[in-house]
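Undergrad: The following block contains the structure, expressed as structure tokens.
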Amino acid sequence: MDEGDRPTNTDGSAGRDERPEDESAAAPGGPSDEVLDEADDRDPAGRDAGGSSTGDADGESAVDARGDPEPAGKSDDGTPLDEDVDGGGRSAPSASPDTGADESLVHRLRHDREGALMWIREMLSSVAVVLLVGLLLFGVSGVWPPMVAVESGSMEPNMRVGDLVFVTDPGRLAPDAAENDVGVVTHEAGQAVDYRTFGSYGSVVIYTPPGRTGSPIIHRAMFHVTEGENWYDRADEEYHGAVDCESLANCPAPHDGFVTLGDNNGAYDQASGLSPPVRAEWVNGVARVRVPYLGYIRLIATGQVELNEAITRTVGSGLPATGSGPVSAALAT
């Protein structure tokens, strides 16, 4: 059939595709007119009216207007699956695991410079330092607690209320002048060899006689007596008011032990009836070093001294403490 015999459409155009040859030469199986019309309805970005991207026949990732592949795992409306999306269309970060939170808390506890964690860290550090120092002192002294706080003034001026005294186990660090198992040098023996501690001759001991319910007593060991000994002639008349052994308490000596005296007291502990001669097993420790004022922490905490009284004594504006009774030593725990 020649050209003029071909049927025409109502508009007079021929029924063949009159596009240029390079456009009309489509490969077999190419897109139909219906597909082409559908493509015409898409926006310039290559998306249909519903906003979804078209994919190729192999199910590969669709390409957006920039030619970049979109991430897989999106729903029909373009939102990512199984992900939280914030207001900007970006995926929200997932929550940190518990281990990460714990590590963050530990890091903050170690490095925070303010806030509650900083105070907790400082408190724990202080407690740890105190415990470490206490353990070291215990290793040296061999007795727990290794320190006592002076509660009264009968050892003044050589020991004052509020002093913290470091003590050692009887027999530990004993000087050569000690001729007994408890490492105690008496005032009598100290005079002979010129051995002094805390401003006078002899050792200061911490002891607890049977039946005592208060704090241990911290006094100086004056001399040692044996069971049945008449020690009246050895005693200094300044520290008893007796005229003979019969009128002197604990004379003759009921057992072996030390006669003791507070440096600021007017009578031996044994003459005043405070204690019988101090047996070796009653000695809790021997005083070695004193640190002024630190004992007030213990005394204030236990209610034995009021804060204003401690401040007054510390600054020296109050009346000097006096005492004719025993000086007791609060255990510094």
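The values are calculated or read from the model by the stated rules, or taken from the named source; none is laboratory data. These numbers were taken from a predicted model, which means no experiment stands behind them. Reconstructed Cβ throughout: ideal geometry from the backbone, glycine too, with neighbour counts over all protein chains shown.
Undergrad: Restricting to region 165-182, name every residue that is of a type in the set (A, V, I, L, M, F, W, C) and out of contact with any strand residue (DSSP E or B) (no Cβ under 6 Å at 6 or more places or on another chain).
TA: L173, A174, A177, A178, listed by residue number.
Undergrad: Condition test on A310, is it among the small types (G, A, S) and modelled with pLDDT of 95 or more?
TA: no
Undergrad: Going by the conditions given, is V291 in contact (Cβ under 8 Å) with a residue 60 or more places away in the chain, under 16 Å from F198 (Cβ atoms) and out of contact with any helix residue (DSSP H, G or I) (no Cβ under 7 Å at 6 or more places or on another chain)? Can you show your working first?
TA: Details: in contact (Cβ under 8 Å) with a residue 60 or more places away in the chain: yes; under 16 Å from F198 (Cβ atoms): yes; out of contact with any helix residue (DSSP H, G or I) (no Cβ under 7 Å at 6 or more places or on another chain): yes.
Taking the combined requirement at face value, the residue satisfies it.
Undergrad: Let me ask you something else. With the requirement that a residue be among the polar types (S, T, N, Q) and touching a Leu at 6+ places or on another chain (Cβ under 7 Å), what does region 283-313 give you? Walk me through it before giving the result.
TA: Residues of region 283-313 that are among the polar types (S, T, N, Q), as a first pass: 284, 302, 304, 308, 312.
Passing the criteria: none in range.
Undergrad: Given the structure, is A271 touching a residue at least 12 places away in the same chain (Cβ under 8 Å) and over 55 Å from the mean Cα position of the chain (by Cα)?
TA: On the way: touching a residue at least 12 places away in the same chain (Cβ under 8 Å): yes; over 55 Å from the mean Cα position of the chain (by Cα): no.
So A271 fails the test.
Undergrad: In region 249-265, how many residues are touching a His at 6+ places or on another chain (Cβ under 6 Å) and in a loop (DSSP other than H, G, I, E, B)?
TA: 1
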